[in-house]
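Inspection log for the structure reproduced underneath, given as structure tokens.
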Amino acid sequence: VDAAVNGGVENYRSMIDGAFREQNPEIAEAIDSSAERARLPFELAQSLRRQIELLDWGVRVHSTKVCDAMKPLSAHMETNYAKLKKTLVELLKQAPTSPSHGKA
């Protein structure tokens, strides 16, 4: 739940918000070249939404099962997850709401 490793969710920002189209037109062209690829930004957003659901569940279960010795680590994990979730929820507001079908 500490997505800051290797850049974290920021690595996905341009794909989610569409900025990759201006930043890397060759990637936009490749994505738009087929219906299967054109779905990728939407599918990434859907996967991140599902990840939030799974992490919500996992963090909640962990907090009920954690032993006293691990409570400080659990608290740290919950704090980091709350930050990650807030970032993801805000980012996903900019995500495609339906799959694109490309130009091919």
Phi-based couplings in Hz for region 64-69 (Karplus 6.51, -1.76, 1.60; Gly and Pro marked x): 8, 10, 5, 7, 4, 5
Compactness of region 10-93 - radius of gyration and Dmax, Cα, Å: 17.1, 54
Lysine pairs with alpha-carbon atoms under 30 Å apart, region 12-104, spacing 8 or more or separate chains: 9
Solvent-accessible area of Thr79 with every protein chain in place, 1.4 Å probe, in Å² to the nearest 10: 70 Å²
Average Cα contact separation per residue, region 10-93, under 8 Å, 6 or more apart, as relative contact order %: 31 percent
Which of Thr79, Thr64, Thr97, positive extreme of dipole for the chain (C-beta unit charges): Thr64
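The values are calculated or read from the model by the stated rules, or taken from the named source; none is laboratory data. None of the values given here were measured: they were computed from a predicted structure. Backbone-built Cβ (ideal geometry, glycine too); neighbour counts: all protein chains shown. Remember, those area values only see protein heavy atoms, side chains included, never the ligands or the DNA or RNA. Shrake-Rupley method; radii C 1.70, N 1.55, O 1.52, S 1.80 Å.
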